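Enquirer: What follows is a single structure, and I will ask about it in a moment.
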Amino acid sequence: ITPTRNQEGHPVGAFFGYKVLGIFQSADEVAKAPTQTDAAPGLFKYQDVNNDGKIDASDRTFIGDPNPDFTYGLNIGFNYKSFDFSTFFFGMQGNDVFNNTKTFTDFPDFFKGGLRREAALNSWTPTNPGGTVPKLRTTGGFSSDAVANSYFISKGSYLRNKQMQIGYAL
């Protein structure tokens, strides 16, 4: 999976792949959708970007930006009598990350022992059609985890405390 593309007019290292519209719920829905390799109930439904009635490489689009809108830091320090305190916070806001960990935790075709609890409980089944994770199966495919798609894009904003210190001067 190559999830990035550098192209004029787009951010450097932008994520590029198929946009997931949802999960196919029935065979009737699959039949009415644009032709898609490996399409079946319980698997990803991709957007037909060029409206040609089939999902192929020309339907890939920009799905995320790894570059933050801004980064920030805050350094605080103060003293009171013989005590001193200092801390340093830093973070970034407005970036996306390609969460490749989901390949191993949400799709048992890669690492059978690493399935996360949320994926097992929220996977699509005929009795759980509202599942947010595609149906669990032992082989990957185009309509699940074999191509870069928007399912793997997560928000990357964070705030971290890198250092905190309390002291007392003798």
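The values are calculated or read from the model by the stated rules, or taken from the named source; none is laboratory data. Source: prediction; values computed, not measured. Here the Cβ positions follow ideal geometry from the backbone for every residue, glycine too, while neighbour counts run over all protein chains shown. Remember, those area values only see protein heavy atoms, side chains included, never the ligands or the DNA or RNA. Shrake-Rupley method; radii C 1.70, N 1.55, O 1.52, S 1.80 Å.
Enquirer: List the strands (runs of 3 or more DSSP E) that sit entirely inside the stretch 41-112 and contain at least 1 residues that are over 30 Å from residue 164 (Cα atoms), among the small types (Gly, Ala, Ser) and in contact (Cβ under 8 Å) with a residue 12 or more places away in the chain. Lay out the reasoning, then the answer.
Expert: Working: elements: 44-46, 61-64, 70-80, 83-93, 96-98.
By residue number, 61-64.
Enquirer: Filter the stretch 117-138 down to residues that are free of Cβ contacts under 8 Å to residues at least 12 places away in the same chain and open to solvent by less than 80 Å² (accessible area, probe 1.4 Å) and give me whichever is farthest from the chain's Cα centre (by Cα).
Expert: 128
Enquirer: Then there's this: Filter the stretch 33-47 down to residues that are within 22 Å of residue 128 (Cβ to Cβ) and open to solvent by 30 Å² or more (accessible area, probe 1.4 Å), then give me how many there are.
Expert: 4
Enquirer: A further question on this structure: Which of the numbered conditions does residue 90 fail, given that it passes all the others? Conditions: (1) hydrophobic (A, V, I, L, M, F, W, C); (2) modelled with pLDDT of 95 or more; (3) open to solvent by 50 Å² or more (accessible area, probe 1.4 Å); (4) under 30 Å from residue 125 (Cβ atoms).
Expert: (4)
Enquirer: Which pairs turn up if I take residues in the stretch 1-27 that are polar (S, T, N, Q) and look for partners that are open to solvent by 70 Å² or more (accessible area, probe 1.4 Å) with beta carbon separation below 8 Å, at least 6 apart in sequence or on another chain?
Expert: From residues that are polar (S, T, N, Q), the pairs are 6/12.
For (1) open to solvent by 50 Å² or more (accessible area, probe 1.4 Å); (2) over 13 Å from the mean Cα position of the chain (by Cα); (3) at positive phi, each residue gets a yes or a no:
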position	(1), (2), (3)
53	no, yes, yes
56	no, yes, no
59	no, yes, no
67	yes, yes, no
80	yes, yes, no
94	no, yes, yes
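Enquirer: Name the single residue that is most open to solvent (accessible area, probe 1.4 Å) among those in the stretch 1-18 being in a loop (DSSP other than H, G, I, E, B) and over 16 Å from residue 100 (Cα atoms).
Expert: 8
Enquirer: While we're here: Can you tell me which residues in the stretch 139-156 are open to solvent by 10 Å² or more (accessible area, probe 1.4 Å), over 13 Å from the mean Cα position of the chain (by Cα) and more than 20 Å from residue 58 (Cβ to Cβ)?
Expert: 139, 140
Enquirer: Pick from 152, 110, 83: which is among the hydrophobic types (A, V, I, L, M, F, W, C), under 22 Å from residue 40 (Cα atoms) and touching a strand residue (DSSP E or B) at 6+ places or on another chain (Cβ under 6 Å)?
Expert: 152
Enquirer: Quick check on the stretch 101-113: of everything there that is in contact with a Phe, Trp or Tyr (Cβ under 7 Å, 6 or more places away or on another chain) and open to solvent by 70 Å² or more (accessible area, probe 1.4 Å), which residue is modelled with the highest pLDDT?
Expert: Ranking the candidates gives 104 first.
Enquirer: If residue 72 passes every condition in (1) over 30 Å from residue 7 (Cα atoms); (2) exposed (fewer than 12 other Cβ atoms within 10 Å of the Cβ) but one, which one does it miss?
Expert: Going through the list (1) over 30 Å from residue 7 (Cα atoms); (2) exposed (fewer than 12 other Cβ atoms within 10 Å of the Cβ), residue 72 breaks only (1).
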